[in-house]
Structures are given as structure tokens and as C-alpha cells.
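For reference, the structure is listed below as C-alpha cells.
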Amino acid sequence: MEADWYKDRVVYQVYPKSFKDTDGDGIGDLRGVIEKIDYIKELGANTIWLNPIFVSPQVDNGYDIANYYAIDERLGTIEDFDELVIAAHERGMKVILDFVMNHTSDQHPWFKDACENKDSIYRNYYLWAKGENGKLPNNWASFFGGSVWARDPLEKDNYYFHLFDEHMPDLNWKNPEVRHSMYRIAKFWIDHGVDGFRLDAFIHIAKADFRQNVPNSGRKGLKLAEQFYANLPAVQTYLSEFIQQIKSLKEDLFILGEAASANVNLAADYTNPQNDECDTVVTFRYFDEKKDNPLPNLPMNGQPFPIDFTKLKNTMVEWQKRLEGISYPVLYWNNHDMARILTKVNVKETYAKDAAKMLATLMYLQRGVPCIYYGEELGMKSMLMDDIKDFHDQQAYGFYEHAIMNGYSNSEALKIISRTHKMAARGPMIWNDQKYGGFSTAVPWNYGKDNTQPVIEQLKDSTSVLEHYRKVLKVKKQPLFIDGTYYLENTSDDLYVYHRILKNEEAIVICNLTGNEQKYESKVQNKLKCILSNGNIKFSEDSLYLSPYASGVFMIGAK
């Protein structure tokens, strides 16, 4: 197959628990996705990415899997899944599954057997290390707080490794049996018609020698140790073997890798067609923040800082140019692990609608694969949650306690956390103006204040955010915006301006990043033909004036 065969993909990320509930238990389900599949297609997406749907204790909302071969009964059945795949294929759409390859739940039969029997073959499915006199094997910190080590119930001074929650032990990818087991799981779902996988946390499947501590100038305490458990060379060895095996079953599987901390050079390696690894990867490096004027007496980590658009320009042009000729970057503003973009940008409500439209134009007409998080196309913001327990996060609890101790009220502390935490970005989809937004007849599993204009109203409004997303994705399907080369103009920090060029066609995309009118000087103004815009754009002799958060897409020299 050609290296760029997937370049026209438009991915719609469905968080199943929050999308549409059809059985009245407050939890979204697969039948809800089936019910709304035409909505997704009409938006302009051709690929549905489902967050984990497997049997799980839900310690980490499905990323802690207890059975890879069965659907969690709260979400549906295998028959429901098969029906969803058929419905998608009948509409010319694809379905990809979240594939959790770094760890399992501690309730998985493999781990339970490993903890009950020293001679279990599954002991070597996981990672263990000896401590000494109650001392941990090393000083590595977990991403979820605390140590990466938890006590082995069978052996004194022995520990198992968990990069995330202690109920999510990491798999030992050095073990060929683990690699073969993961292949068999993938094969099972390929046999059920799945069209690809989003590889969760794949960059962590190789670890360094556990005897190595993080140098800390002799001080005690735990330290994040990404240099020892992220992007190690063996990751590519394991990844290439796994993907070659599953693509031998289905050549056109779409492999979207989560490479959270990978830099652009690693991304180029992970997506180089010659390496037989991912087709494209998601990085978390796009969105640096302006950490000016922090709130007093609060930890920096967890405060709501705005996006630094100047750094975004530098990052995006680096990724655009480095991956040119190798792969297509993932274009996204939102996902289930971060606050929603309109909350991060934090514009005045007066301008929220135009800001949502401008951001869609800015991001998705660049070179790459759009990945749209459910509800983003409505202009959804992060919910305002009213109980700290609803965040299910020890780090959020710690931030809250610190805020209360330093004089912040309960409502003030919750508002701050709601603006930054991933759980507030996982609210129910707003379908109509009925109770709970038509998501469910019962109280949703994750619920907070949300003033999003519902789908049913936006469908009737030609000026809605939803209608603008549809227009953006229609433009995106043009060869110019898929295959065209890309270059970013050197403008002021207040503008984001880039060109797409293919053969004799050229387009310029001009975006106002601010809440003030901005001037863009143009030498080819009389040759511009607008094909998409939002806000007000005025022309003078040699300039364009864009109203707050306005954007325009112009063909240059078009008749």
C-alpha cells in the first residue's frame, strides 16, 4: 500500500460512556453510537475511534482492562459491537478501538493468578523487583502520584510495577508470551471487523534497568523518570513486530499511536513507513501554556493557564515540516485526557462561538488527519463540577485541600479544578433541550453545569458552530487541503496565517487569535476569493481587517 493511504481520514473520537445512553442507566452505550452514527457521518467524519469498551472495574474509566475479549455489560454486548461495525461499513466508515497495551487491571485473570501462585506462568507477564528491608526498588514516581511500586502479596520485599494507578500493573513486553497474547487479542477484534487501533501509551512498553534511580543530588523522594520508562529503543522493536503481525491479517488497518511525550524526531521514527510501526501518532507537545500571573498560594500544576499561541506556531510548523514526506500529523484540539479547548482559551462568552469556529478553521485545514473529540463541534466547554469526589483523582484532591487551606472557597476551588481536569471534559453529549440534554433519562454518570447549545438547535442554525465544522470538513476533503504543501507566514502573535499549495492551486488561511480587531496586510488582496469564513472581514486597499476571532479561507488567483 502507499505510505499515505490514510491521509483523507477524519476521525471522530467517541467517549462511549458520555455519548448517548439508550437503556436509562446514566451511562452511554454502543447502541447509542449506533443510533447517532448518521450524525457522525453527516458531520464529515469517516472514522470512529471508540475509547475502551472492554470489561473493566473502571478504576481509570476503562483503561484498566479485566477482559480484552468481552464488552463491558454497562456499554453493551459483542452483538452490539458487530452491529455497529456493520452499520459503519454500510456507510463507508471505519471503526477503530482503543488498544491498551502497556498494562491490565489487577482484576485481570493473568494478574490474579500471578498474585496467587509463585509458579504461575503469568508471573512473568508482569514486572517485579526486590526491595530491601522495606525500601522500594528505586525512586521512580508514577504518573498518577506516589511510587511505581506496589507490594507483591506473595513475597516480602517484592514489588510489582505500575506506571499509572496501583490497580493497573504494567505488562512485561520482554516476555514473548505477552507479545503473542496481545497479538491474539488484536486478531480477535480484527476478526470482528475492526479497522484499526489507537495504541494507548505504547511509548511505555519498554523499561530501563530497575536498579537505576533518578539522580536527585542525594535528596530523598520520588521523581518522574520518563528517561527510564518512555520512548526507549526497545519500544520500536516490540511495536514493529506487533504491527507487522496484525497487518499481515488486514493490510489496511489504521494504526493511531498515543505518543504523548514523544518529540518530533521520535514521531518521525514511529511513523516512518519503512519501520512498519504507526501510521500516525498523537503528541501532547502542541499546547504549551502561558504561565504568567499564577493564582496566589496554589501549586502551579493544576492551575488554568491559557495556551501560548506563539509557541503553538513554532511547534506546529516544526511538526508540519519534519513529517513532510514521512507521515501526516494528527490535528486535534481536544481529547479525553485534557481540558476542552474553549475552556483553555477562556474567551468571553460574547466571542465563544466565533472562537470555536476560528479554532476549527485554524487546526483542521493544515496538513494532517483531523481528530475531533465528541461535542467539540458544538463548542462544548469543560463542565463545572460541584463535588471534588467526582474527579476520582488523588492529585485533584490534594490540589483542592491545598486551595481550601489557603483561603479559597469550595466553589472557587471546584471552578479552578473544573477548568483544568480531564473529568470535566468528559461530560454528556448535549443532544436536545430536555433534561440531561437528551443524553439519558437518568442522572449521567459524570455530570456538571453545561450551557452548550444542543445539537437539535444547532442543526437548525446556519450560523452555528456545528454548521461551521461541517463546512470546514467539507473543505478539508479537497485535494489541496489533503495533499497540498504547507507553510506558515511570519506574522504578529495576534494572527495565525498559513498557505496550502498544490500544483496551480493556492489557498491562504487567516485567523485572528484575539478578542480585538486585527489587520492583515496582503499584497494579493484583489486576487482573493473567500470560500469559508466566520466573523466579519473587511477589505481596504492593501489590508484585511478581521473582527475578534474571525477567520477566512481564501483561494489565491481563483476566478
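The values are calculated or read from the model by the stated rules, or taken from the named source; none is laboratory data. As the structure is a prediction and not an experimental result, all values here were calculated from the model. Cβ atoms come from the backbone with ideal geometry, glycine included; neighbour counts cover every protein chain shown. The accessibility values were calculated without ligands, DNA or RNA, using every heavy atom of the protein model including side chains. Shrake-Rupley method; radii C 1.70, N 1.55, O 1.52, S 1.80 Å.
Below, the figures for the structure above:
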item	result
Test set (1) modelled with pLDDT under 95; (2) in contact with a helix residue (DSSP H, G or I) (Cβ under 8 Å, 6 or more places away or on another chain) - residue 219 fails condition number	(2)
Residue within region 419-430 that is open to solvent by 10 Å² or more (accessible area, probe 1.4 Å) and in contact with a strand residue (DSSP E or B) (Cβ under 8 Å, 6 or more places away or on another chain) present	no
Among residues of region 355-375, those that are open to solvent by 10 Å² or more (accessible area, probe 1.4 Å) and assigned to a helix (DSSP H, G or I), counted	1
Residue in region 222-231 that is at positive phi, more than 17 Å from the chain's Cα centre (by Cα), open to solvent by 20 Å² or more (accessible area, probe 1.4 Å) and modelled with pLDDT of 95 or more present	yes
Set 38, 8, 60, 72: member being in contact (Cβ under 8 Å) with a residue 12 or more places away in the chain and open to solvent by less than 10 Å² (accessible area, probe 1.4 Å)	72
Considering residues of region 240-261 that are of a type in the set (A, V, I, L, M) and over 19 Å from residue 164 (Cβ atoms) only, the residue most open to solvent (accessible area, probe 1.4 Å)	249
Residue match in region 338-354 (condition: over 20 Å from the mean Cα position of the chain (by Cα), buried (at least 17 other Cβ atoms within 10 Å of the Cβ) and β-branched (Val, Ile, Thr))	yes
Residue list for region 449-469, restricted to those being of a type outside the set (A, V, I, L, M, F, W, C) and open to solvent by 60 Å² or more (accessible area, probe 1.4 Å)	449, 451, 453, 457, 460, 462, 463
Single unsatisfied condition, residue 46 versus (1) touching a helix residue (DSSP H, G or I) at 6+ places or on another chain (Cβ under 8 Å); (2) free of Cβ contacts under 8 Å to residues at least 60 places away in the same chain; (3) more than 29 Å from residue 435 (Cβ to Cβ)	(1)
Hits in region 78-108 - residues which are open to solvent by 80 Å² or more (accessible area, probe 1.4 Å), out of contact with any Gly (no Cβ under 8 Å at 6 or more places or on another chain) and of a type outside the set (S, T, N, Q)	79, 90
Options 265, 301; residue that is open to solvent by 60 Å² or more (accessible area, probe 1.4 Å) and either part of a loop (DSSP other than H, G, I, E, B) or at positive phi (or both)	301
Hits in region 163-197 - residues which are open to solvent by less than 10 Å² (accessible area, probe 1.4 Å) and in contact with an Asp or Glu (Cβ under 7 Å, 6 or more places away or on another chain)	163, 168, 169
Count - residues of region 507-559 that are under 24 Å from residue 485 (Cα atoms), of a type outside the set (A, V, I, L, M) and surrounded by fewer than 21 Cβ atoms within 10 Å (Cβ to Cβ)	11
Of all residues in region 93-110 being within 28 Å of the chain's Cα centre (by Cα) and among the hydrophobic types (A, V, I, L, M, F, W, C), the one that is nearest to residue 61 (Cα to Cα)	100
Cβ pairs under 7 Å, 6+ apart, first in region 234-255 and part of a helix (DSSP H, G or I), second open to solvent by 10 Å² or more (accessible area, probe 1.4 Å) and of a type in the set (Val, Ile, Thr)	246/190
Evaluation of residue 282 against (1) modelled with pLDDT of 95 or more; (2) open to solvent by 50 Å² or more (accessible area, probe 1.4 Å); (3) hydrophobic (A, V, I, L, M, F, W, C) (one fails), failing number	(2)
Elements of type strands (runs of 3 or more DSSP E) in region 437-521, at least 1 residues being touching a residue at least 12 places away in the same chain (Cβ under 8 Å) and acidic (Asp, Glu)	505-512, 518-521
Members of region 130-150 found to be assigned to a strand (DSSP E or B), over 32 Å from the mean Cα position of the chain (by Cα) and either at pLDDT 95 or above or over 20 Å from residue 224 (Cα atoms) (or both), listed by number	130, 132
Selection within region 435-474 - under 25 Å from the mean Cα position of the chain (by Cα), among the polar types (S, T, N, Q) and farther than 22 Å from residue 361 by Cβ	440, 446, 451
Within region 527-559, considering residues that are part of a loop (DSSP other than H, G, I, E, B) and at pLDDT 95 or above, the one nearest to residue 508 (Cα to Cα)	550
Among the residues listed as 27, 48, the single one being open to solvent by 10 Å² or more (accessible area, probe 1.4 Å) and either part of a strand (DSSP E or B) or hydrophobic (A, V, I, L, M, F, W, C) (or both)	27
Flag for residue 324 being open to solvent by 50 Å² or more (accessible area, probe 1.4 Å), in contact with a strand residue (DSSP E or B) (Cβ under 8 Å, 6 or more places away or on another chain), at pLDDT 95 or above and among the acidic types (Asp, Glu)	yes
